[in-house]
Amino acid sequence: MDTDEFRRHGHEIVDWLADYFRDIESRAIVPAVAPGELRRALPIAAPVSGESFDVILQDFRDQIVPGITHWGHPGWFAYFRSNASPPSVLAEFLTAGLGAQCMSWATSPAATELEQVVMHWYRQLLGLPEAFTGVIQDTASTASLMAFLTARERLGEDAARMTAYWSGEAHSSIPKAARLAGIASERCRIIPVDADFAMRPEALAAAMSDDVARGLVPGMVVATVGTTSSTACDPLRALGSAAHAHGAWYHIDAAWGGSAAILPELRPLFDGVELADSFVTNPHKWMMTNFDCTAYFVRDVEALQRTFSVTPEYLRTRHDADVVNYRDWGIPLGRRFRALKLWFVLRSYGVAGLQAMIRSHIAFGQELAGWVDATPEWERLAPAPLALVCLRHVPTALAGDEPALAAHNAALLERVNASGQVFLTHTMLQGKYAIRVAIGAWRTERRNVQAVWALLRESASR
Ligand code: PLP
């Protein structure tokens, strides 16, 4: 592809994406495709000779797009939303074009320094302590694994007796990180939660004391702000105090909920955050930045570097003593230029724009929670502090019969999703099947929340 062709097709793709953004609401969110359909439709080997880009783009439109799930749809209420806002998409295009591999300052000075600046802005934006330094990672899963690895490294020989603690509501990336960090399941403790699904600090303290009495070494406590099932918020201060009392690393997983710290009125949820050794949040969830972009903050940068720094001769540069080399701040050597999209997003929307969006989502969530509470035969299954409402339909005839209620609500969910206009997922809360309505798409308006509530009720009445 020569430069003129690149220009022509580049314009074509931007036009296609602009139309896609404009008309996205007319598409069914979940594609009507069967497993294996695309695989069978495509050739079984790569072409020997290069093909025309016009044909490739046509196949993209005809074969790929029909099998895409439209995460950008304003009726998206599933999982936690990943927001690909236009400024972040444009930054991603530039990042790909620049092709910079940002492992060291010398391999792309502006990328490293922009990441330093943007992480500094981001720390301020979330009201995190000055003692924290941020670095961008691909995902929260990676960042939590890094926290476990750093905590283990810090323990030295005691690592063989290291124990770790989290609640049953923690994200699956936490037990996965423990496993990858070599902490045997016999040394992992699932701490009980209270009626609001938040970890109980006295149970944590008791579990750690028991372990110390058995000669084990509490090495890691993970708290969550905004659990995946219900956005429960663990009591950070009390858990942090318990972790500190035993010298354990204190990691806070705020993958979704961290974005809410941009709102001063929600800062009480983060009370005690200054006790953390590490904190992770995903701009690629609620903060308008397309996947992937995770902000990982640590207090002890030297401990981080001691864990991850390996410097062979071929990577040394003459600037090493004076600069940050982010290759020493994480697991992979190669790094994408992710700071650019976060910079574009923060500048395009501004703090006030981002606050307004998150505030509106939380208000929509409160309103929906109010509608559920006020409607007979509907039940809300958890508090809704962060724009996620967990609900279910409880027809009088099925009340008390959990298996029947689960089957009824699963069928209801399927019918609602079959409309193509909205997409919801489910979870289990204290043994009860819950439909999750997770509000967080930058295109979602009040009318979309009204629509999902209307669809749920209409489907329940069928
Ligand atoms: N932690 C929490 C609380 C989450 O909800 C999620 C994903 O939804 C994750 C971690 C994992 O995020 P990632 O996909 O960035 O690894």
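The alpha carbons of the chain stretch over 68, 58, 46 Å along the principal axes, in descending order. How large is the Kirkwood hydrodynamic radius of region 1-103, counting all unique pairs of alpha carbons, in Å? About 16.3 Å for region 1-103. Looking at the chain, the DSSP beta bridges with both ends there are about 60 percent antiparallel. Which of the GluC sites (Glu not before Pro) across region 23-111 are loop residues per DSSP, with 12 or fewer other Cβ within 10 Å? Listed in order of number, the matching sites are 51. Considering only Cα atoms, the convex hull volume of region 294-376 works out to 181 Å³ per residue. Both numbers refer to the Cα atoms of region 100-336; Rg and Dmax are 17.5, 57 Å.
Taking every full run of DSSP H in the chain, the ones that stretch at least 15 Å from end to end by Cα along their long axis and average -0.5 or higher on the Kyte-Doolittle scale are 86-98, 109-125, 140-155, 201-213, 339-374, 402-418, 446-461. Placing a pseudo-label 7 Å from each Cα along the Cα-to-Cβ vector at residue 317 and residue 39 gives an inter-label distance of 4.2 nm. Pairwise Cα distances in region 168-232 exceed 13 Å for 66 percent of all pairs. Find the percent of Cα-Cα distances in region 179-303 that exceed 26 Å, and round it to a whole number. The calculated P(r) of region 179-303 puts 22 percent of pairs beyond 26 Å.
As a check on your grasp of the helix formula, calculate [θ] at 222 nm for the chain: sum -39500 (n - 2.57) over DSSP H runs of n ≥ 4, divide by the residue count, round to the nearest 500. Show your work: numbers first, answer last.
Numbers: 14 runs with 191 residues, N = 462.
It comes out at -13500 deg cm²/dmol, rounded to the nearest 500.
I need 224, 107, 444 ordered by Cβ neighbour count within 10 Å, fewest first.
107, 444, 224
Ranked by how many other Cβ atoms sit within 10 Å of their own Cβ, fewest first, the residues 49, 85 fall in the order 49, 85. For the pair residue 443 and residue 23 in one chain, pulling the backbone fully straight at 0.36 nm per residue adds 150.0 nm over the alpha carbon distance. Per residue, the convex hull spanned by the Cα atoms of region 1-44 measures out at 94 cubic angstrom.
In whole percents, the pair-distance distribution calculated for region 61-215 from its alpha-carbon pairs, binned every 10 Å from zero, is 8, 22, 30, 24, 13, 2, 0. Shown for 135, 351, 193, 323: other C-beta atoms within 10 Å of each C-beta, ranked fewest to most, produce the order 351, 323, 193, 135. Taking one quarter of the surface of the C-alpha convex hull of region 240-345 gives a mean projected area of 8.6 nm².
Readers should treat all values here as calculations from the given coordinates under stated rules, not as data from a laboratory. Please read these numbers as outputs of a predicted model, since none were measured by experiment. As a convention, Cβ positions derive from the backbone with ideal geometry for all residues, glycine included, and neighbour counts pool all protein chains shown.
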